[in-house]
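One structure is given here, and the rest of the page talks about it.
No lab work stands behind these numbers, since they all come straight from the coordinates. Because the structure is a prediction, the values reported are computed rather than measured. Don't worry about glycine lacking a Cβ; one is built from the backbone with ideal geometry, like all the others, and counts go over all protein chains shown.
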Amino acid sequence: MMKECILKQLQTIEEEYSVKIIFACEAGSRSTGLATPTSDYDVRFLYIRPIQWYLSIDKKKDDVISLPVNNQLDLVGWDLQKALFLLTKSNPTLLEWLQSSIIYLENETITNKIKEVVPYIFSVRTCFFHYLHMAKGNYKAALKDDEPSVKLYLNVLRPLLYCRWLERKQTIPSVEFEHLLDVCEQGIKSEVAALLHLKKGRLVTPNFAMLNTYIEKEFIHLEHVIKEVEDQKEDLNVNDIFLYSLEHIWQIKL
C-alpha cells in the first residue's frame, strides 16, 4: 500500500532530521482529482524542531526538507515557523495544502488552531495575483508545444478558474478541479469536460482553438477585475500558535 510507504518515509524523516511532523497531505494531481493510474504522489508536510534549534544564534537556512524518494514519490516539508510566517501573508500554496482532502498525518490540536485563523488572514488580492500570474506563465508554456498538451492546458485552466472563484465567491477556492466548474462559463464547460475525459484516457478531441479564445478573453477580464479587488485581511500575530505547538509537541512550558 502506498499510504503505508508514505507513512514510513515520514517516520524516517522524523528520525533522521530530529523533527516532529504535525501535518502531511497530498498535493498535485491526486488532490485536485486530475490523477491517472501512473500519476506520482506529491506529499507536502509541516514539521517542528526542538526548541533549542530555534533559540540557537546560528543562522537558520534549512527551513525546508525536500526528499525525492523515487519517480513515484516526492516529499517536501516546511518548518512550522516558516509556514506560520507565510500564513500571515496568505500564501496560496500553504492554503492549498490545508484544503487537501487527502491527509496522511495530522496533529489536529495544532492544525485546528492554524485553520481557525485562516479566514482572518486570507487575502483575495494576494491569491488573485498569484493564480493569474501562474495561469499566464502556464499558458505561454502551453503555446510553445507543437502538439497541445492536456496537462498544460489543465494547468492553465485551474488557476484561471481559481481567479473566477475568488471574483465570485471571495473565499478560498476548492482544490478539486470538478468543483471549479461551478464558476466556469456555460459555453466552455463542454470543452473543459473534454479535457478531463482525455486526461483520464477517453478518446475525445477538445476544441483547443475555442479554449485559447476563452483563456485569452479571461485574461483581459481578470486584469480589469484585479484593479477593483479589495481586501478584508487582518494582521494577526500567530506567535501564540507557534509557542503552543512547541509546548504541545515537546511537553515543555515556555
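Per-residue extension of 0.36 nm, minus the Cα-Cα distance of residue 189 and residue 109, leaves a gain of 24.8 nm for this segment.
Assuming charge only on the beta carbon of Lys and Arg (+1) and of Asp and Glu (-1), the dipole of the chain about its Cα centre is about 180 debye to the nearest 20.
Computed from the C-beta positions of residue 239 and residue 40, the FRET efficiency with R₀ = 30 Å rounds to 0.25. Database remark: amide H of residue 200 closer than 5 angstrom to no amide H (H placed geometrically; neighbours at sequence offset of 5 or more, or on other chains; Pro and chain starts carry no H).
Remark: region 99-111, residue by residue, has Karplus-estimated 3J(HN,Hα) of 8, 4, 8, 10, 10, 9, 7, 7, 8, 5, 4, 7, 5 Hz, where x stands for each Gly or Pro and the curve is 6.51 cos²θ - 1.76 cosθ + 1.60 at θ = phi - 60°. The alpha carbon centroids of region 40-100 and region 197-254 are separated by 17 Å. Qualifying trypsin sites (Lys or Arg not before Pro) in region 149-254, where qualification requires a DSSP coil assignment and no more than 14 other C-beta atoms within 10 Å, comprise 200, 202, 253. Residues 166, 132, ranked from the fewest to the most other C-beta atoms within 10 Å, line up as 132, 166. The phi-based Karplus calculation (6.51 cos²θ - 1.76 cosθ + 1.60; θ = phi - 60°) puts the 3J(HN,Hα) values of region 91-98 at 4, x, 4, 5, 4, 5, 4, 5 Hz, whole numbers, x for Gly and Pro. Using 32 Å as the Cα-Cα cut-off, could you pick out the over-long pairs in 89/217; 89/253; 200/233? The answer is 200/233. Taking amide hydrogens as placed 1.01 Å from N in the peptide plane, the amide H of residue 105 sits under 5 Å from those of 24, each at least 5 positions away in sequence or on another chain.
Each residue of region 147-158 was assigned a 3J(HN,Hα) from its phi angle through the Karplus expression (A = 6.51, B = -1.76, C = 1.60, θ = phi - 60°), giving 10, x, 9, 4, 4, 5, 5, 5, 6, 7, 5, 4 Hz with x at Gly and Pro. Rounded, prolate or oblate, given the Cα gyration tensor of region 40-124, with a/c below 1.5 counting as rounded? Oblate is the answer for region 40-124, as a/c is 1.5 or above yet b/c matches or exceeds a/b.
Extension gain for residue 118-residue 54 works out to 20.6 nm (0.36 nm per residue, less the C-alpha to C-alpha distance). Once each part is reduced to its C-alpha centroid, what is the distance from region 153-177 to region 108-125 in angstrom? First find each Cα centre; the distance between them is then 19 Å.
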